[in-house]
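> Below: one structure in structure tokens.
Read-outs: derived from the displayed coordinates by stated rules, not from any lab. From a predicted model like this one, the values you see are computed outputs, not experimental measurements. All Cβ positions, glycine included, derive from the backbone under ideal geometry; neighbour counts span all protein chains shown.
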Amino acid sequence: MGLFDRVWNAAKSMAVGHAITIREMFHRPVTVRYPEEKPPFERGSRSVPVLKVNEATGLLNCVACGLCERSCPPSCIEIVQAVDAAGKKKPWPETFELDLSHCMVCNLCIEACPFDALEMADVVELSSYQVQDLIFSKDQLTELWKTSKALRVAGGERI
Ligand code: SF4
Ligand code: SF4
């Protein structure tokens with residue numbers, strides 16, 4: 001390539017680069033000033049599965065059937081079914097733990113639940129330097145449901 005061609009190509013690429021820069025100066029930025037500004041959750045967003053409370057009864061919908069536990073690929077759900085004094089199983093979880101450090105937010109637990117007991121919450125600020133802080137108990141998962149909105153991955157009136 002001759003000298004003239006090189007100079008021409010350099011000038012052309014500078015002109016194109018500047019034209020793009022000037023054009024973008026008049027566009028609305030696609031980024032936001034997080035965390036002051038929070039972008040809306042897009043349809044199909046996922047975050048953390050939480051335990052739903054039946055608003056009529058105030059009890060969990062969960063009957064401790066264990067289907068979510070068995071369908072979780074990284075085994076991050078651990079449920080202990082409640083038993084009465086005689087050792088008879090009760091239809092609610094004594095403990096329900098979710099290890100968010102292993103959760104890959106695949107939604108399979110929610111799809112597996114036949115009792116509409118789990119839901120994705122619109123919570124994303126749960127990071128921690130301590131991995132133990134990412135193990136959520138039944139009460140924490142219930143509290144998260146109460147203090148968040150649902151992200152409906154499939155169907156439902158909300159995103
Ligand atoms: S979203 Fe996926 S990885 Fe997370 S708890 Fe549910 S099944 Fe397990
Ligand atoms: S599948 Fe639903 S009802 Fe069964 S243990 Fe999991 S959350 Fe509870």
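> Restricting to Cα pairs below 8 Å that are 6+ residues apart, what does the relative contact order work out to for the chain? Please round to a whole percent.
That works out to 26 percent.
> As a footprinting exposure proxy, order Ile22, Ile77 by other Cβ within 10 Å, with the fewest listed first.
The fewest-first ordering by Cβ neighbours comes to Ile22, Ile77.
> Here's a follow-up. Pairs of lysine in the chain with Cα under 25 Å and at least 8 positions apart or on different chains: total?
15
> Separate question: What is the distance in Å between the Cα centres of the range 1-52 and the range 90-130?
Taking the Cα centre of each part, the range 1-52 and the range 90-130 sit 35 Å apart.
> Sticking with this one: Measure off 7 Å from each Cα along the Cα-to-Cβ vector at Lys12 and Ala85, then give the distance between these two points in nanometres to one decimal.
In this crude spin-label approximation the distance works out to 9.0 nm.
> Still on this model: Using a cut-off of 12 Å between beta-carbons, work out the net charge of the residues near Gly66 (Lys and Arg +1, Asp and Glu -1, Gly66 not included).
For residues surrounding Gly66, the net value is 0.
> I would also like to ask the following. Determine the relative contact order of the range 30-90: mean sequence separation of Cα pairs under 8 Å and six or more apart, normalised by residue count, in whole percent.
For the range 30-90, the relative contact order is 14 percent.
> What's the longest bit of the chain with no exposed chymotrypsin sites (Phe, Trp or Tyr not before Pro), using DSSP loop states and at most 12 other Cβ atoms within 10 Å as the test?
27-128
> What do you get for GluC sites (Glu not before Pro) in the range 70-159 restricted to DSSP loop and a cutoff of at most 15 other Cβ within 10 Å of the site's Cβ?
Glu125, Glu157
> Let me know the shape class of the range 48-151, please: from the alpha-carbon gyration tensor, a ≥ b ≥ c as square roots of the eigenvalues, rounded when a/c is under 1.5, otherwise prolate if a/b is greater than b/c, or oblate.
Prolate, since a/c reaches 1.5 and a/b exceeds b/c.
> Ignoring everything except DSSP H segments at least 4 long, calculate the 222 nm mean residue ellipticity for the chain; use -39,500 (n - 2.57) per segment, divide by total residues, nearest 500.
One gets -8000 deg cm²/dmol as the mean residue ellipticity at 222 nm.
> Would you kindly derive the ³J(HN,Hα) couplings of the range 100-113 from the backbone phi angles with the Karplus curve 6.51 cos²θ - 1.76 cosθ + 1.60 (θ = phi - 60°), listing them in order in whole Hz, with x for Gly and Pro?
Each residue of the range 100-113 in turn: 5, 5, 9, 5, 9, 6, 7, 6, 5, 4, 5, 5, 7, 6 Hz.
> Residue by residue through the range 85-95, what is 3J(HN,Hα) from phi via Karplus (6.51 cos²θ - 1.76 cosθ + 1.60, θ = phi - 60°)? Round to whole Hz and write x for glycine and proline.
After applying 6.51 cos²θ - 1.76 cosθ + 1.60, I find 4, 8, x, 7, 5, 10, x, 7, x, 6, 9 Hz.
> Let me ask another. Once you list every other residue whose beta carbon is under 13 Å from the beta carbon of Ile79, what net charge do they have if Lys and Arg are +1 and Asp and Glu are -1?
Combined, the nearby Lys, Arg, Asp and Glu give -1.
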